[in-house]
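Structure, as structure tokens:
The values are calculated or read from the model by the stated rules, or taken from the named source; none is laboratory data. In this text, all values refer to a predicted model and were calculated from it rather than measured experimentally. FYI the Cβ positions are ideal-geometry reconstructions off the backbone, even for glycines, and counts take in every protein chain you see. These accessible areas exclude ligands, DNA and RNA; they are computed on the full protein's heavy atoms, side chains included. Shrake-Rupley method; radii C 1.70, N 1.55, O 1.52, S 1.80 Å.
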There are 2 protein chains.
Amino acid sequence: MVADSEQIEIPGSTGAAVPVAAGQALRLVNTHGSQVVDTWALSRSDRNEYLSVEHTRRLNETLCPVAGDRLWSNRRQPMLRLEEDSFGGPHDTLVAACDRWTYASLGCPPDHASCQGNFARALAGLGIEFGRAPNPVNLWMNVPVQGDRVTLGSPLSRPGDHVLLRALTDVVMVFSACPMDLLPVNGPDMRPKSVHYSILDAGAP
Amino acid sequence: MVADSEQIEIPGSTGAAVPVAAGQALRLVNTHGSQVVDTWALSRSDRNEYLSVEHTRRLNETLCPVAGDRLWSNRRQPMLRLEEDSFGGPHDTLVAACDRWTYASLGCPPDHASCQGNFARALAGLGIEFGRAPNPVNLWMNVPVQGDRVTLGSPLSRPGDHVLLRALTDVVMVFSACPMDLLPVNGPDMRPKSVHYSILDAGAP
């Protein structure tokens with residue numbers, strides 16, 4: 001039997017930091033569809049080790065992870081495996097998490113939520129101060145690459161789409177249900193929506 | 001008249017950190033051809049601001065800068081302009097700088113030079129401690145992207161190819177003549193080679 005913890009909500013525009021032990025997996029559900037979730041992982045044994053998209057692109061020789069792929073750290077160690085992906089991608093690894101300068105450039109007040117702010121705040125809730133956020137995996141973000149062009153596309157994810165992320169070492173996973181409400185990154189209604197996660201104990205999902 | 005400082009050598013496998021004032025430009029010459037140069041820029045007024053390839057991809061909507069493009073900071077401010085590029089690219093913004101874990105995985109001793117090590121050492125020479133290196137612009141590195149595939153290609157740069165990088169704010173530029181001598185990143189002879197730079201005062205090149 002595989003224990004599946006209760007579904008925990010990450011409200012739209014907010015973040016969560018979740019310790020996940022090696023062998024455990026986290027199922028993340030795009031409950032309402034179309035929501036982008038910026039995703040990070042940090043090592044629990046080395047405070048300078050983190051999931052690095054630039055290492056992952058090099059070691060997997062792809063722009064974007066697909067089901068079965070490992071996600072690699074800046075120490076070139078495997079941190080996570082993307083075991084399931086009902087969406088099938090692509091996700092995005094190319095563009096920066098939104099930050100307060102994004103929203104300043106869009107005319108928002110300085111207290112507008114951002115994925116970078118959510119990263120720091122979620123980790124602070126666990127007593128972790130990490131410094132500047134690595135570039136995340138932007139789950140369900142549609143950033144088409146055609147030749148050299150990198151554009152923002154409308155989201156393609158569907159209600160109930162999920163990923164299963166297996167921890168290959170002890171990590172803290174960090175998520176931000178992207179707060180973007182001025183561009184249609186999270187759908188044409190430009191309204192950030194909640195997503196949900198649950199933890200699965202070691203073993204098959 | 002435009003003053004052009006003397007040509008300064010960056011020996012193969014080593015790095016250099018060069019203060020460049022707003023309006024000045026740096027001409028970097030791939031003297032012998034085929035050499036990759038990992039390139040960073042840090043703000044001199046804000047120790048947390050740096051040239052960010054993930055912001056540059058987003059703001060320019062391209063994978064790779066071309067002549068005329070600005071390169072952007074993590075504060076979404078323009079830091080550099082790629083004013084001239086005799087090579088015409090592509091350069092690379094996708095894969096991590098080599099680091100000691102790269103060389104450990106290739107069986108090298110722990111004192112093998114790396115681009116990340118060169119970044120830290122060159123900055124230390126100016127009394128700057130920056131922490132983990134941002135993902136660089138890998139000048140003249142041939143990383144073809146075909147669909148979702150990201151591979152390492154043979155270098156295409158020619159002896160004497162140059163770029164002209166104009167500082168749009170006061171920066172420290174950091175360069176590493178990539179020490180890779182176990183893969184043909186820097187050419188089939190797998191021998192890192194020197195490059196040269198000079199500083200041009202404000203104005204046209």
- Task: Nearest 100 Å² is fine: how much accessible area is buried between B and A, summed over both sides, with a 1.4 Å probe?
- Result: 3000 Å²
- Given a cut-off of under 8 Å on Cα pairs at least six residues apart, what relative contact order in percent is computed for chain B? 45 percent
- Query: In whole angstrom, how far apart do the alpha carbon centroids of region A:50-72 and region A:103-146 sit?
  - Reply: 20 Å
- Selection from A:172, A:139, A:153 lying farthest towards where the dipole of region A:126-205 points positive, charges on Cβ: A:153
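Would you work out the charge dipole size for chain B about its Cα centre, treating the Cβ of every Lys and Arg as +1 and the Cβ of every Asp and Glu as -1, and quote it to the nearest 20 debye? It would help to have the intermediate numbers written out before the result.
Values: 17 positive and 22 negative charges, 69 e Å.
It comes to approximately 340 debye.
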- Item | Relative pair counts by distance (%), Cα atoms of region B:40-122, 5 Å bins | 3, 14, 19, 19, 17, 14, 10, 5, 0
- Counting only protein heavy atoms, what percent of the accessible surface of chain A is carbon or sulfur at a 1.4 Å probe? 52 percent
- Note on the structure: Ranked output for segments B:176-185, B:84-93 by mean other Cβ atoms within 10 Å, highest leading, reads B:176-185, B:84-93
- Message: Can you tell me what percent of all Cα-Cα pairs in region B:115-158 are more than 13 Å apart?
- Response: 65 percent
- re chain A: pairs of Cα atoms spaced beyond 22 Å account for a percent value of 44 percent
- Task: Using a 1.4 angstrom probe, figure out how much accessible area the protein assembly as shown has per residue, in square angstrom, rounded to the nearest whole.
- Result: 40 Å²
- With only alpha-carbon atoms counted, please give the Rg and Dmax of region A:104-196, in Å. 15.0, 43
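Quantify how strongly other chains surround peptide B:145-151 by giving the mean number of their Cβ atoms within 10 Å of each of its Cβ atoms.
Rounded to a whole number, the mean comes out at 5.
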- Note on the structure: Placing each pseudo-label 7 Å from Cα in the direction of the beta carbon, residue A:45 and residue A:202 end up separated by a distance in nanometres of 1.3 nm
- Query: How large is ³J(HN,Hα) for each residue in region A:187-200, as worked out from phi by the Karplus curve 6.51 cos²θ - 1.76 cosθ + 1.60 (θ = phi - 60°), to whole Hz, x for Gly and Pro?
  - Reply: x, x, 7, 6, 10, x, 10, 6, 10, 9, 9, 9, 9, 10
- For the protein assembly as shown, count the residues as N, evaluate 2.2 N^0.38 Å, and divide the Cα radius of gyration by that value, please. 0.98
- Item | Under the Karplus curve 6.51 cos²θ - 1.76 cosθ + 1.60, θ = phi - 60°, whole-Hz ³J(HN,Hα) for region B:35-49, x wherever Gly or Pro sits | 8, 7, 10, 6, 9, 10, 9, 10, 5, 8, 9, 9, 5, 9, 10
- Message: Taking each residue in B:67-76, count the Cβ atoms of any other chain within 10 Å of its Cβ, then average. What number comes out?
- Response: 2
- Task: Output, in nm with one decimal and in ascending order, the distances from the residue B:109 label point to the matching label points of the other copies (7 Å from Cα along Cα-to-Cβ).
- Result: 6.1
- Whole-Hz ³J(HN,Hα) from phi, Karplus 6.51 cos²θ - 1.76 cosθ + 1.60, for region A:148-157, glycine and proline x: 8, 7, 10, 10, 9, x, 5, x, 10, 6
